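The values are calculated or read from the model by the stated rules, or taken from the named source; none is laboratory data. The shown structure was predicted, so the numbers you read here are calculated from the model rather than taken from an experiment. For neighbour counting, all protein chains shown are included, and Cβ atoms are generated from backbone atoms with ideal geometry for every residue, glycine included. When the accessible area is computed, the model is the full protein with side chains, heavy atoms only, and any ligands, DNA or RNA have been set aside. Shrake-Rupley method; radii C 1.70, N 1.55, O 1.52, S 1.80 Å.
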Amino acid sequence: MLEGGAMRGLYTAGILDVMMEHGIDFDGIVGVSAGAAFGCNYKSGQAGRVIRYNKRFARDKRYCSMRSLITTGNIYNADFCYHVVPREYDIFNFAAFEANPMEYWVVCIDVDSGEPVYQRCDKGDDEFLEWIRASCSMPLVSRPVTIGEHRLLDGGLADSMPLQWFQSQGYDRNVVILTRPAGYVKEPVGHRRALRWLLRRYPVVAQALLQRHELYNAQLQYVAQQEQLGNTLVFRPDPPLTIGHTCHDPEQMQATYEQGRRHGEQRIDEVAAFLRV
């Protein structure tokens, strides 16, 4: 299970790359937001891809910029990031993604109902790329993504840590990668009236943001309980990650990724032993 956290997800990418390099196989992965966008490279078997393309386009205004937000309504350019880059600049291995039997799930929020939407992605096509985009589409700086009957945004608003849901699908031993340190407690958002006004077209999303700290903290407790029971192995960054949501500094990106790699290398034997039980 892969938590989101925007560019904090580079920590996750470092851990995942180490596990790929050591031949660790999973029956399934569920990713939220950046966890979905970066974790799909595990199913396609492309270690190193996440840090490579993020550093390459770190300062490219076509990728993430205020210009993109003003001109398209999305701070991460929808077409360039999610369609052009994986098809033209840093090729995503769609064939390998489809050939790998591992289940791959992404989480979004339905902006009309407020309910989480869990989508299994088996086929590497444009719709798959749109599901990834939807899971990563942060409110206020992204437009909802329409797929079928759903209008969707960032899955972290509805289920930031879908461990309990994944267990309900039959996954009883899980590796969880969080992007917040041990002891972290999410605080309520401020400027509540302004937030409601800015999201007046999506009142359900506004309500989800206002209540998110309650759900998030409860899920942190659940993850810790499952860890104590021995059925869940949890990675947490230590020291806390300092990278911003929309970092444009390749060196800071690399440092965050390397922190994940170090933790992955330190615990790779523990992961392998945990999965053998």
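Tabulated results
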item: Relative contact order (%) - criterion: Cα under 8 Å, at least six apart; region: region 1-72; result: 33
item: GLN221-ALA273 pseudo-label distance in nm [points 7 Å out on the Cα-to-Cβ vector]; result: 3.1
item: Cα pair count fraction exceeding 21 Å, expressed as % - region 134-230; result: 42
item: Spin-label proximity, GLN207 to region 149-186 - amide N less than 14 Å from point 7 Å beyond Cα toward beta carbon; result: 158
item: DSSP H segments from the chain that extend 24 Å or more along their own axis, Cα-based, with Kyte-Doolittle mean of -1.0 or above; result: 203-229
item: In range of the label at ASP122: residues from region 70-103 whose backbone nitrogen is under 15 Å from the point 7 Å along Cα→Cβ; result: 97-103
item: Set of aspartates and glutamates with alpha-carbon distance to LYS123 below 15 Å, sequence-local pairs under 8 removed; result: GLU98, GLU103
item: Computed over the chain: relative contact order in percent, which uses C-alpha pairs under 8 Å that are six or more apart; result: 27
item: Where only C-alpha atoms are counted, convex hull volume of region 68-111 per residue in Å³; result: 95
item: Fluctuation leader among GLN228, GLN219, GLN119 - the chain, Gaussian network, Cα springs under 10 angstrom; result: GLN228
item: q = 0.17, 0.18, 0.22 Å⁻¹, region 98-190: log10 I(q)/I(0) [Debye, one scatterer per Cα]; result: -0.85, -0.94, -1.23
item: R0 of 41 Å, Cβ-Cβ distance ALA99-ARG59: FRET efficiency to nearest 0.05; result: 0.75
item: Convex hull (Cα only) mean projected area of region 196-277, reported in nm² to one decimal; result: 8.2
item: Translational D in µm²/s for region 1-157 (Stokes-Einstein at 20 °C, 1.002 mPa s, Kirkwood Rh from C-alpha pairs); result: 138
item: Label zone at HIS245, where the point sits 7 Å out along the Cα-to-Cβ direction: region 33-53 residues whose backbone N lies under 18 Å; result: 33-38
item: Full-stretch length increase - ASP79, ARG52 - with 0.36 nm per residue and alpha-carbon distance subtracted; result: 7.8 nm
item: Residue-normalised accessible area of region 132-217, given per residue in Å² at a 1.4 Å probe; result: 50
item: Calculated [θ] (222 nm, deg cm²/dmol) that DSSP helices of n ≥ 4 give over the chain, each run adding -39,500 (n - 2.57); result: -13500 deg cm²/dmol
item: Percent of Cα pairs exceeding the 15 Å cut-off, where the set is region 166-218; result: 63
item: Convex hull per residue volume in Å³, alpha carbons only, for region 2-64; result: 75
item: The chain: most fluctuating residue of GLU214, GLU149, GLU103 per GNM, C-alpha cutoff 10 Å; result: GLU149
item: D (Stokes-Einstein, µm²/s), Kirkwood Cα radius, region 17-108, 0.890 mPa s at 25 °C; result: 173
item: Dipole magnitude of region 8-166 about its Cα centre (Cβ charges: Lys, Arg +1; Asp, Glu -1), debye to nearest 20; result: 900
item: Cα pair count fraction exceeding 35 Å, expressed as % - the chain; result: 10
item: Percent carbon-and-sulfur accessible area, the chain, ignoring ligands, DNA and RNA, probe 1.4 Å; result: 49
